[in-house]
Amino acid sequence: KQKPKAVIVIFGVTGDLAKRKLFPSIYRLRQNGNIGEEFAVIGVGRRPWDNDTLRDHVEKSIENSFGMRENLKNFTSHFYYHPFDVQEASTYQTLGTLINELDAEYQTDGNKIFYLAMAPEYFGTVANQIKENGLKEGTGWSRLVIEKPFGHDLESAKKLNNKIRAAFEENQIYRIDHYLGKEMVQNIEVIRFANGLFEHLWNNRFIENIQITSSESLGVEERARYYDHSGATRDMVQNHMLQMVSLLAMEPPIKLTTEEIRSEKIKVLRALRPVEKDQVDENFVRGQYGEGSILDEKVPAYQHEAEELAASNTETFVAGRVMIDNYRWAGVPFYIRTGKRMTDKSTKIVVEFKDIPMNLYYENKTDKHPNLLVINIQPDEGVTLHLNAKRGGTGAFAEPIKLAYKNTGIDGVNTPEAYEKLLLDCMLGDGTNFTHWDEVALSWQYVDALLDVWENKTAHFPNYESGSMGPKEAEELLEKDGFHWWPIL
Ligand code: BG6
């Protein structure tokens, strides 16, 4: 099989994303033989660096990610630095010349990736300058990879999209949602559609509810400025959480093509029941962390993490009841919750099946042990099925047992593998695990309804202790429906 070739231009190369995710991913692609020697990376940034500064920087990033490596010189020699001014046409022209030189030197067939790993206010300008200065031209393909945030609400996302679409076609745009690169997120589809056992039961006749939790123990860290402007809903729900909902709820695609899978996901997003203004409080809970302790270490409240956060009204936690109004899911709540400074770092999906109609085997007749299918996205990637079986010895009592499958060593928390897969997909021209504009727009439309209401109403923050699983209202959200969040040990 031919290995993909390209010149990869990273805008914002001096930033965090490049250091933590992109360099290690490119390194692994090379190490694993998914790309050959036919690649070059042009790092674009405002700082007055040169090739050597960038190469040292790349080397350090790789050492940090994987420990010491021998002979990184050959790898880092593929990296070139290009200082630039976002607005200045002449710097794009010199960039174009460099791309052409490297294309000839590394025989990349004129293929180009423009990766925007920079502040979103420049996305439109950069995309335009790329086009205006002819950087997309030539014999090979040109693709634009774009990181979130993709807008701040539907309106601004539309404006941004129009600007980008003026320079690139939809099928040249690869919008990253890094959750779609996670092994176990990709596995949702396979677990569902490759198992008759599940697929026949995957509907409102047999499923009681689905719970998706993505908790983090870290706080806002160094991202106060971005995060306070965003909050948990924009940061996690608009993208990662709703993407998981759509994969869990979609109909089987008729073929495994990008178009077919996307169109099924989009149908789910179209079927989301809009949250009316007067129903926000009933269906959604927002929270902000106060002080507390994580792993016996005292941590400060969100409002004390940075000066500008004092008196902040931004949510660091959100939980909600998402309803999907279609034949398969009518009446089945999808509960989602996500937040910072929670008990631990973990992303899990629990599918709660309807319980048996009458309970013959429990010692305590009020016991309830419905079957659960747990999909562990991270850490401990795997799948666990919770069943009931006879307790050993005399009597016919049931006890819960677990059948567990562990997907060892593929995807760890914060490892670069998700990016590695997505970058390779992009080089291969496979947009399946990227978000189409329609998905972005529908997700914004859904969360905008909550955000509008919240923006105009001061919250009583902080309302959950660091190290907990969020405010008590998030528990009550399920209790009202006769359910509870399944703690998964
Ligand atoms: C990012 C958010 O998209 O996802 C971060 O901006 C969050 O705030 C991160 O921490 C979580 O990703 P992961 O892969 O660590 O679960």
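Looking across the range 339-355, the residues that are assigned to a strand (DSSP E or B) and in contact with a Gly (Cβ under 9 Å, 6 or more places away or on another chain) come down to Gly339, Met342.
Quick check on the range 285-307. Is at least one of its residues of a type outside the set (Gly, Ala, Ser) and under 21 Å from Met244 (Cα atoms)? Yes, the range 285-307 has at least one match. Listed by position, the helices (runs of 4 or more DSSP H) contained in the range 1-119 that have at least 3 residues being farther than 19 Å from Lys421 by Cα and open to solvent by less than 70 Å² (accessible area, probe 1.4 Å) are 51-66, 89-106.
Determine which member of the set Glu199, Glu189, Glu276 is closer than 22 Å to Pro379 by Cα, in contact (Cβ under 8 Å) with a residue 24 or more places away in the chain, away from the ligand (no atom under 16 Å from the Cβ) and open to solvent by 20 Å² or more (accessible area, probe 1.4 Å). Exactly one of Glu199, Glu189, Glu276 is closer than 22 Å to Pro379 by Cα, in contact (Cβ under 8 Å) with a residue 24 or more places away in the chain, away from the ligand (no atom under 16 Å from the Cβ) and open to solvent by 20 Å² or more (accessible area, probe 1.4 Å), namely Glu189.
Taking residues in the range 226-237 that are without any contact (Cβ under 8 Å) to a residue 24 or more places away in the chain, and partners anywhere that are open to solvent by 10 Å² or more (accessible area, probe 1.4 Å) and more than 8 Å from the ligand (Cβ to nearest atom), not one pair has Cβ atoms closer than 6 Å while being at least 6 places apart or on different chains.
Checked against the criterion of being under 24 Å from the mean Cα position of the chain (by Cα) and free of Cβ contacts under 8 Å to residues at least 24 places away in the same chain, the range 330-350 contains not a single residue that satisfies it. Considering Pro357, Pro379, the condition of being touching a Ser or Thr at 6+ places or on another chain (Cβ under 7 Å) and either among the hydroxyl-bearing types (Ser, Thr, Tyr) or without any contact (Cβ under 8 Å) to a residue 40 or more places away in the chain (or both) is satisfied by Pro379 alone.
The requirement of being over 22 Å from the mean Cα position of the chain (by Cα) and farther than 25 Å from Leu373 by Cβ is fulfilled nowhere in the range 434-451; no residue meets it.
Can you find a residue that is over 24 Å from Ile26 (Cβ atoms) and either within 16 Å of the ligand (Cβ to nearest atom) or out of contact with any Cys (no Cβ under 6 Å at 6 or more places or on another chain) (or both) anywhere in the range 414-437?
Step one: of the range 414-437, the residues over 24 Å from Ile26 (Cβ atoms) are 436-437.
From what's left, either within 16 Å of the ligand (Cβ to nearest atom) or out of contact with any Cys (no Cβ under 6 Å at 6 or more places or on another chain) (or both): 436-437.
Scanning the range 414-437 turns up at least one residue that is over 24 Å from Ile26 (Cβ atoms) and either within 16 Å of the ligand (Cβ to nearest atom) or out of contact with any Cys (no Cβ under 6 Å at 6 or more places or on another chain) (or both).
Among all positions in the range 291-306, there is no residue which is among the polar types (S, T, N, Q), touching a strand residue (DSSP E or B) at 6+ places or on another chain (Cβ under 6 Å) and assigned to a strand (DSSP E or B).
Here is the figure for the range 240-263: residues that are out of contact with any Ser or Thr (no Cβ under 7 Å at 6 or more places or on another chain) and open to solvent by 20 Å² or more (accessible area, probe 1.4 Å) total 11.
When the range 170-183 is limited to residues that are more than 11 Å from the ligand (Cβ to nearest atom) and at pLDDT below 95, the one that is nearest to the chain's Cα centre (by Cα) turns out to be Glu183. When Ala389 is tested against (1) touching a Pro at 6+ places or on another chain (Cβ under 9 Å); (2) hydrophobic (A, V, I, L, M, F, W, C); (3) within 30 Å of Lys158 (Cβ to Cβ), only condition (3) is not met. The residues listed here are Arg234, Arg225; of these, the one that is open to solvent by 10 Å² or more (accessible area, probe 1.4 Å), in contact with a helix residue (DSSP H, G or I) (Cβ under 8 Å, 6 or more places away or on another chain) and within 11 Å of the ligand (Cβ to nearest atom) is Arg234.
Selection of the range 351-369 for residues being in contact with a strand residue (DSSP E or B) (Cβ under 8 Å, 6 or more places away or on another chain) and either closer than 15 Å to Ile210 by Cα or open to solvent by less than 60 Å² (accessible area, probe 1.4 Å) (or both) yields Val351, Glu352, Phe353, Lys354, Asp355, Tyr362, His369. Taking the range 279-329 as the range and being polar (S, T, N, Q) and exposed (fewer than 14 other Cβ atoms within 10 Å of the Cβ) as the test, only Ser293 passes.
Residues checked against (1) among the polar types (S, T, N, Q); (2) within 23 Å of Met236 (Cβ to Cβ):
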| residue | (1), (2) |
| --- | --- |
| Ala117 | no, yes |
| Gly124 | no, no |
| Asn128 | yes, no |
| Asn133 | yes, no |
| Glu137 | no, no |
| Ser142 | yes, no |
| Gly151 | no, yes |
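Which of the residues spanning the range 205-222 are open to solvent by less than 40 Å² (accessible area, probe 1.4 Å) and under 20 Å from Tyr327 (Cα atoms)? Correct list: Ile207, Asn209, Ile210, Gln211. Among residues of the range 460-489 that are over 26 Å from Pro300 (Cα atoms), those with a beta-carbon under 6 Å from a residue that is open to solvent by 30 Å² or more (accessible area, probe 1.4 Å) and part of a loop (DSSP other than H, G, I, E, B) at least six positions away or on a different chain give the pairs Leu478/His484. Of all residues in the range 133-164, those satisfying the criterion of being within 16 Å of the ligand (Cβ to nearest atom) and under 20 Å from Val9 (Cβ atoms) are Val145, Ile146, Glu147, Lys148, Phe150.
The values are calculated or read from the model by the stated rules, or taken from the named source; none is laboratory data. Owing to the predicted nature of the structure, the values given are computational and were not obtained by experimental measurement. Note: ideal-geometry Cβ built from the backbone for every residue, glycine included; neighbour counts use all protein chains shown. What goes into the accessible areas is simple: the full protein's heavy atoms, side chains included, and nothing from ligands, DNA or RNA. Shrake-Rupley method; radii C 1.70, N 1.55, O 1.52, S 1.80 Å.
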